[in-house]
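For reference, the structure discussed in these notes is given below.
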Amino acid sequence: MERNIQVNWEVVTREARRRRKARGMTQLRLAALAKVSRSTVVRFELSSGDIQLSSALRILSVLDMVERKQEGTLLLRREARTLGGPIAVMFAPDGGAVGAMEPKRFASLDDLALFLEGLKIDSAAQRLAFADLERTESATIPNIRLTMTELHELWPMQFPGMSPAKSGPS
């Protein structure tokens, strides 16, 4: 698959260098955290010489310039013991919850289905979850991968301020 992607590398490396310095981080410390050599960090910051894409992404990741996905499980629970009662949906990160899980409430299965479709949950997983909800009033949908931006938008109290920092100079 061919993609036409253009990156203004000078802007990227300038912002990376700015973030490193703003954090009081040496090139040696950045190299250690990114698991690359110091010479790789130097070549990256000066845009001189070639470095592997994986090395650049590790450097950018340490500096919070790469959007990461959080894996976890959606927990669904019917809040009222009556058929058709509201349904709470929570996201449980695989590494453990950051704090108390925040419920996102849906008045109906139709509303919940639209939400799950927006998250690109396939119809088979939805059917299984809905069947579990009817039978036991709770369900799980494992192996969900959401960006930190998505998590912050959907569950802002549970994931406060976790949207990625702006990539341009500030």
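For the subset of the range 1-26 comprising residues that are in contact (Cβ under 8 Å) with a residue 24 or more places away in the chain and aliphatic (A, V, I, L, M), which member is surrounded by the most Cβ atoms within 10 Å (Cβ to Cβ)?
Filtering the range 1-26 for residues that are in contact (Cβ under 8 Å) with a residue 24 or more places away in the chain and aliphatic (A, V, I, L, M), the one surrounded by the most Cβ atoms within 10 Å (Cβ to Cβ) comes out as ALA16.
Tell me, please, whether a residue that is of a type outside the set (A, V, I, L, M), assigned by TED's automatic domain parsing to the domain that holds PHE130 and in contact (Cβ under 8 Å) with a residue 60 or more places away in the chain can be found in the range 107-115.
No: zero hits.
Does the range 86-93 contain at least one residue that is within 30 Å of LEU30 (Cα to Cα), at pLDDT 90 or above, touching a strand residue (DSSP E or B) at 6+ places or on another chain (Cβ under 9 Å) and not β-branched (Val, Ile, Thr)?
Step one: of the range 86-93, the residues within 30 Å of LEU30 (Cα to Cα) are 93.
Still in the list and also at pLDDT 90 or above: 93.
Then keep just the ones that are touching a strand residue (DSSP E or B) at 6+ places or on another chain (Cβ under 9 Å); that gives 93.
Keeping just the survivors that are not β-branched (Val, Ile, Thr) gives 93.
Yes, the range 86-93 contains at least one residue that is within 30 Å of LEU30 (Cα to Cα), at pLDDT 90 or above, touching a strand residue (DSSP E or B) at 6+ places or on another chain (Cβ under 9 Å) and not β-branched (Val, Ile, Thr).
Part of a loop (DSSP other than H, G, I, E, B), under 17 Å from SER55 (Cα atoms) and not β-branched (Val, Ile, Thr) - does that describe any residue in the range 19-28?
no
I'd like to know if the range 60-71 contains one or more residues that are over 19 Å from THR147 (Cβ atoms) and either in contact (Cβ under 8 Å) with a residue 40 or more places away in the chain or not basic (Lys, Arg) (or both).
The answer is no; no qualifying residue exists.
So, in the range 121-131, how many residues would count as being modelled with pLDDT of 95 or more and charged (D, E, K, R)?
Result for the range 121-131: 1.
The values are calculated or read from the model by the stated rules, or taken from the named source; none is laboratory data. The structure presented is a predicted model; accordingly, all values stated were derived computationally and were not measured. Every residue, glycine as well, gets a Cβ built from its backbone with ideal geometry; the counts of neighbours run over all protein chains shown.
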